[in-house]
Amino acid sequence: MNPVATPFFFYLLSATMIIGGILVITRKNAVHSAMALITALLAQAGIYLMLYAPFVAGVQIILYAGGIMVLFLFVIMLISIERTVKERQFNKQWLVGIAAAAALGGLFIAVYTKGKSLFPEGRVTYGEGQNVQDVAALLYDQHQGTYMFSFEIASLLLLVAIIGAVVMAKKRI
Amino acid sequence: MESMLHISTLHYLVLGAALFLLGVIGVLTRRNVVIVLMSIELILNAVNLNLVALSRYWQGMPAYLGGGPGALHGQVFAIFVITDAAAEAAVGLGILIAFFRNKETVNIDEVNLLKW
Amino acid sequence: MRWLIDYIQGYLSSNQTPGAAGNWFWATVYVLLVFVGLSIAVIAMNWLERKILAHMQVRLGPMRVGPHGLLQPIADALKLLLKEDIMPAEADAVVFWIAPFIVVLAAFTVFVVVPFGPTHAITDMNIGILFMLGVSSLSVLGIVTAGWASNSHYPLIGALRSSAQMVSYEVAMGLAVVSVIVMTSLNAEGTGTLSMIGIVQAQQAQHTWFVFKFFPLGLVGFFIFAVAMVAETNRAPFDLPEAESELTAGFHTEYSGFRWSLFFLAEYSAMIAVSSIAVTLWLGGWLRPFPNALNGPTWDLVFSLFPGITFLFLGAMCFYNAARMPKHPLFKIQTIGLAGFGAVLALIGLVLFVPAARDRVGDIFWFAAKVAAFMYLYIWYRGTFPRYRFDQLMKVGWKILLPTGLVLLILTAGAGFLEDPVKEWLKHVL
C-alpha cells in the first residue's frame, strides 16, 4: 500500500487542526467552539490514519468526536444562557496567560531546534494490515500482552467516572 | 523546501506542540468554563499526537532496541489517554452542572466564594 | 482506444480494492458509482415506501403523477427544490446552515467501506466495522446542532430526544457487532478481523452465515442489531422525535425545501448503511445462498440466472399492469410510459443473461437483494407497529437490549471457546 500525496494531506489536515484550535479558543459562542473542536478532532483522526494508526483513528472518531463532543453539546445546551455571548470573554489576567504561553512556546522552539537531528530519516514503513491485531496482542495476548493490568484499571476508572458523574449531576443524592 | 516536502516525525511533533500551545492559551485566558474544558481536550489531543507519531517512529527502530512492526506502545497509550479524557470530561461536566445549579453563571472568575 | 480497453481490463482482473491498490482513478470512479447508486436507491425508496405502505393500508397510494405514481419522487424532488428557504429570525445562521451537511456527511462517508463484492469496495480498511459505527455516530452531532440552531422549543426537545435515543441504541449495536467479531476469530488462523471484506470471507470459510452460527446465538445477535438499527435511524416504531402528531416533525421542523431534503436523503442513506452492516455481518454479504454446499458449475449457473430472472419478472409485472390500465384516451400516455419502463427492465434482464455480464454482477445483485429485503422490513415495521413512547423506548434500549447483548457476548465467546473441545468429545462419543 503506497501513500499518495502525503505532504498535501499533512498540510491540509494540520491547517484544519490549527484553524480549528484557534477558533475554539476565540469564539464567543460555546456551540461554535464545540463545532470547531469537532472539526479539529476529525482532522486529528485523519492524521492518525496518515501515521498508520487506524485503530486509534477509529477510537478517536467514536469516542472523542462521537461521544465526548455530544456530551459537551448537551451540557452547553442545558446551561447556555443568552447573556454569556454578550459578556466579556477573556480573563483579567489574559496578558499574563499569553506571556506564560509565549514562554512555553519559546521553550518548545529551543528544544526542537536543538533536537532536530534526533530523528534521522530512512525509516522502514510497515503497512497497517495487521494494526488491530497488533494492538490487541499488546493488550490481551498471553505472552506479549504488557498492558492487561492497565486495561482493567482503565475500566475501573470508567466505572468510577460514571458513578461520579451521575452523583455530581443529581439534584438530590 | 525539500525538507518541507518530506513529512518526517519532527513535523508531527511540531504540530503537536502548536496544538498544545493553543490549548494552554485557551485554559489560561478564557472565562467560560466549557471552553476551558474544551481547551483541555485540545491539550490531551496534542499529547496523543505526539505519542502516536513517536510510536510510528519507534516501529522503524531495529527489534533489539524494542522496535519492529509490533511495537505499538504509543498507540496503546494513546487509547488509554482517550479513555481517560472521556472519563475526565464526564466528571468535569458533572461538576459544572452541579456548580451551575448553585450560582447561575459559567464564568470561572466568579467562583470566588473561598477568596479572602 | 486500445489503451483504454487494456486499462479497464487490467483493472477488472485485479484482486484488490482501489483503496488498497492506491489507485486514485478507480477509487474516484467507485465513489461516483456509489453516489449515483445511492441517489437512485433513495428515489426508489421514496416511491416504494409510499406504495407499499399504501397497499398495507388497503389503499392505492400515488397513482396520478406517472403510471402508478412512478414519477412521484421526481415531482417531490422538484417541489423541495423550488420551495422557499426560510430561516427562523433568531436562529444561529452558521450552525443552522451547517447542521444538515453534517448529517449528510456522516450518512454518506459510511459507504467508503461497504463491500459489494470481494474487491468491489472503495477501500477495505483494517478497521472497517469500527469506522462504520463511528462515522454513523457523527450524525448525532448534526441532529443536536440542528435542533439547537432552530431556536424553538419543539426542535430542541426533538433533537435532545433523538440524540439520547441514538446514543443509547449505539451501545446495543456495538455489543451485537462485537459478538460477530468474536465469531470471525473462529477460523483456521485463529485471528479475527474487523474489516468488512474479512468478515464476509470468514463466513465463507466457516461455511455458515453468522445468523445461523451457534444457533440461537447468531439469531439473537441479529435480532438485537435489527431492532437497534431501526432505533438508530429514527424510524418507526422508534420515530417519536420526528413524529408529526407528537412534536410537529421534531428537529427538522424549521427546515424547509432543500435543507429538509438533505435530512431526508441522510435518513434513507443511513437506513441503507446500517442495513448493509447487518447484511455483511450476519447474512453473508455478497455470498449467494449455499455457496459451499451447492457448488459446482450447474448450481453456479442456476444461481447466476437470478439477476436476469428478477429483472424479467419486474418487466413482466410492468407489462401486466400496463395491460390492465383503463382503455380511455386520457390514459394513453401512462400506458405507453409503463410499457416503455417495462421494456427497459426486460432489456436489462436480457442483458444480464449474457455470460460476460452474468458472472460479474452476481455479487452486487445478491448484496442489493438482501439490502432490499431489509428496506422492505423497514417499511413493514412502519406500517405495522405503533409508536413507542419515549420512556418505553429508553427502557427497551438500556434495560432489555443491553443486558441481552452482554449475555450474548459472553455466551458467544464461551461457545467459540468450547467449539473444538465439544466437537472432539462428540467424535469420541458417536
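Does A:Val70 satisfy the criteria of being at pLDDT below 90 and closer than 23 Å to C:Val171 by Cα?
No; evaluated as a whole, the condition is false for this residue.
Could you check the stretch C:275-305 and list, in sequence order, the residues that are free of Cβ contacts under 8 Å to residues at least 12 places away in the same chain and part of a helix (DSSP H, G or I)?
The answer is C:Pro297, C:Thr298, C:Trp299, C:Asp300, C:Leu301, C:Val302.
Kindly indicate which of C:Thr184, C:Thr208 is surrounded by 22 or more Cβ atoms within 10 Å (Cβ to Cβ) and among the β-branched types (Val, Ile, Thr).
Only one candidate passes the filter, namely C:Thr184.
Any residue at all in the stretch C:318-329 that's in contact with a Gly (Cβ under 6 Å, 6 or more places away or on another chain) and outside the structural domain of C:Ala93 (by TED's automatic domain parsing)?
yes
Conditions (1) modelled with pLDDT under 85; (2) among the small types (Gly, Ala, Ser); (3) part of a loop (DSSP other than H, G, I, E, B), marked per residue:
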| site | (1), (2), (3) |
| --- | --- |
| C:Leu4 | yes, no, no |
| C:Gly10 | yes, yes, no |
| C:Ser14 | yes, yes, yes |
| C:Phe25 | yes, no, no |
| C:Val29 | no, no, no |
| C:Ala41 | no, yes, no |
| C:Arg50 | no, no, no |
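Of the conditions (1) in contact (Cβ under 8 Å) with a residue 40 or more places away in the chain; (2) exposed (fewer than 15 other Cβ atoms within 10 Å of the Cβ); (3) closer than 20 Å to C:Pro216 by Cα, C:Ala413 clears all except one; give me its number.
For C:Ala413, the exception is condition (2).
Residue by residue, here is whether (1) of a type in the set (Val, Ile, Thr); (2) surrounded by fewer than 22 Cβ atoms within 10 Å (Cβ to Cβ); (3) at the interface with chain C (Cβ under 8 Å from one of its Cβ atoms); (4) outside any helix (DSSP H, G or I) holds:
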position	(1), (2), (3), (4)
A:Gln44	no, no, no, no
A:Phe55	no, no, yes, no
A:Gly58	no, no, yes, no
A:Tyr64	no, no, no, no
A:Ile68	yes, no, no, no
A:Leu78	no, yes, no, no
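Identify, by number, the condition in (1) under 30 Å from C:Ala93 (Cβ atoms); (2) more than 7 Å from every other protein chain (Cβ to nearest Cβ); (3) among the hydrophobic types (A, V, I, L, M, F, W, C) that A:Ala103 doesn't meet.
Looking at each condition in turn, A:Ala103 falls short on (1).
Give the residue, chosen from C:Phe353, C:Phe341, C:Phe367, C:Phe390, that is of a type outside the set (D, E, K, R) and within 23 Å of the chain's Cα centre (by Cα).
The unique qualifying residue is C:Phe367.
Is it the case, given these coordinates, that B:Gln75 is over 12 Å from the mean Cα position of the chain (by Cα), more than 23 Å from A:Tyr64 (Cα to Cα), buried (at least 22 other Cβ atoms within 10 Å of the Cβ) and facing chain A (nearest Cβ under 7 Å)?
So B:Gln75 does not fit the description; no.
Can you confirm whether A:Tyr48 is of a type outside the set (A, V, I, L, M, F, W, C), within 24 Å of A:Thr26 (Cα to Cα), at pLDDT 90 or above and surrounded by 24 or more Cβ atoms within 10 Å (Cβ to Cβ)?
Taking the combined requirement at face value, the residue does not satisfy it.
Starting from residues that are in contact with a Leu (Cβ under 9 Å, 6 or more places away or on another chain) and more than 7 Å from every other protein chain (Cβ to nearest Cβ), keep the ones in the stretch B:48-59 and report whichever is surrounded by the most Cβ atoms within 10 Å (Cβ to Cβ).
My answer is B:Ser55.
Residues C:Ala343, C:Ala368, C:Ala415, C:Ala373: which one is assigned to a helix (DSSP H, G or I), assigned by TED's automatic domain parsing to the domain that holds C:Trp209 and among the small types (Gly, Ala, Ser)?
That would be C:Ala415, the only listed residue that is assigned to a helix (DSSP H, G or I), assigned by TED's automatic domain parsing to the domain that holds C:Trp209 and among the small types (Gly, Ala, Ser).
Taking C:Val65, is it in the same structural domain as C:Val178 (by TED's automatic domain parsing) and not small (Gly, Ala, Ser)?
no
With respect to B:Val24, is the statement that it is within 18 Å of the chain's Cα centre (by Cα) and facing chain A (nearest Cβ under 7 Å) true?
For B:Val24, the condition - within 18 Å of the chain's Cα centre (by Cα) and facing chain A (nearest Cβ under 7 Å) - is met.
In the stretch C:376-410, how many residues are surrounded by 12 or more Cβ atoms within 10 Å (Cβ to Cβ) and not in a helix (DSSP H, G or I)?
Total satisfying the criteria: 3.
A quick yes/no check of all residues on (1) buried (at least 24 other Cβ atoms within 10 Å of the Cβ); (2) in contact with a strand residue (DSSP E or B) (Cβ under 7 Å, 6 or more places away or on another chain); (3) free of Cβ contacts under 8 Å to residues at least 24 places away in the same chain:
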| position | (1), (2), (3) |
| --- | --- |
| C:Gly61 | no, no, yes |
| C:Val65 | no, no, yes |
| C:Leu80 | no, no, no |
| C:Ala91 | no, no, no |
| C:Phe111 | no, no, no |
| C:Asn126 | no, no, no |
| C:Leu130 | yes, no, no |
| C:Gly147 | yes, no, no |
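Here is a yes/no grid of residues against (1) touching an Asp or Glu at 6+ places or on another chain (Cβ under 9 Å); (2) part of a helix (DSSP H, G or I); (3) closer than 23 Å to C:Gln204 by Cα; (4) not hydrophobic (A, V, I, L, M, F, W, C):
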{"position": "C:Pro88", "(1), (2), (3), (4)": "yes, no, no, yes"}
{"position": "C:Pro100", "(1), (2), (3), (4)": "no, yes, no, yes"}
{"position": "C:Val103", "(1), (2), (3), (4)": "yes, yes, no, no"}
{"position": "C:Phe108", "(1), (2), (3), (4)": "no, yes, no, no"}
{"position": "C:Phe111", "(1), (2), (3), (4)": "no, yes, yes, no"}
{"position": "C:Val114", "(1), (2), (3), (4)": "no, no, yes, no"}
{"position": "C:Asp124", "(1), (2), (3), (4)": "no, no, yes, yes"}
{"position": "C:Leu130", "(1), (2), (3), (4)": "no, yes, yes, no"}
{"position": "C:Ser168", "(1), (2), (3), (4)": "no, yes, no, yes"}
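Quick one: what pairs do we get from the stretch C:352-366, first residue closer than 11 Å to C:Leu301 by Cα, second among the aliphatic types (A, V, I, L, M), C-beta under 9 Å, 6+ apart or different chains?
C:Phe353/C:Leu305; C:Phe353/C:Ile309; C:Phe353/C:Leu312; C:Arg358/C:Leu301; C:Arg358/C:Leu305; C:Arg358/C:Leu352
Restricting attention to the stretch C:113-124, and to residues there that are under 16 Å from the mean Cα position of the chain (by Cα) and farther than 11 Å from C:Ala273 by Cβ, which single residue is surrounded by the fewest Cβ atoms within 10 Å (Cβ to Cβ)?
Among those that are under 16 Å from the mean Cα position of the chain (by Cα) and farther than 11 Å from C:Ala273 by Cβ, it is C:Gly117.
Check C:Thr253, C:Thr208 and return the single one that is in contact with a Phe, Trp or Tyr (Cβ under 6 Å, 6 or more places away or on another chain), assigned by TED's automatic domain parsing to the domain that holds C:Thr145 and hydroxyl-bearing (Ser, Thr, Tyr).
None of the others qualify; the one that does is C:Thr253.
For the stretch A:144-163, enumerate the residues that are within 21 Å of C:Val182 (Cβ to Cβ) and assigned to a loop (DSSP other than H, G, I, E, B).
Listed by number, the residues that qualify are A:Gln144, A:Gly145, A:Tyr147.
What is the one condition in (1) in contact with a Phe, Trp or Tyr (Cβ under 8 Å, 6 or more places away or on another chain); (2) under 30 Å from C:Ile333 (Cβ atoms); (3) modelled with pLDDT under 90 that C:Asp85 does not satisfy?
In the conditions (1) in contact with a Phe, Trp or Tyr (Cβ under 8 Å, 6 or more places away or on another chain); (2) under 30 Å from C:Ile333 (Cβ atoms); (3) modelled with pLDDT under 90, C:Asp85 misses (2) alone.
Looking at (1) at pLDDT 90 or above; (2) more than 7 Å from chain B (Cβ to nearest Cβ); (3) closer than 19 Å to B:Leu28 by Cα, which is the only condition A:Ala110 fails?
That leaves (3) as the condition not met.
Could you list, in sequence order, all residues of the stretch C:320-338 that are under 32 Å from the mean Cα position of the chain (by Cα) and closer than 13 Å to C:Arg64 by Cα?
C:Gln334, C:Gly337, C:Leu338
The values are calculated or read from the model by the stated rules, or taken from the named source; none is laboratory data. Values in this document were obtained by computation on a predicted structure and should not be read as measured data. Backbone-built Cβ (ideal geometry, glycine too); neighbour counts: all protein chains shown.
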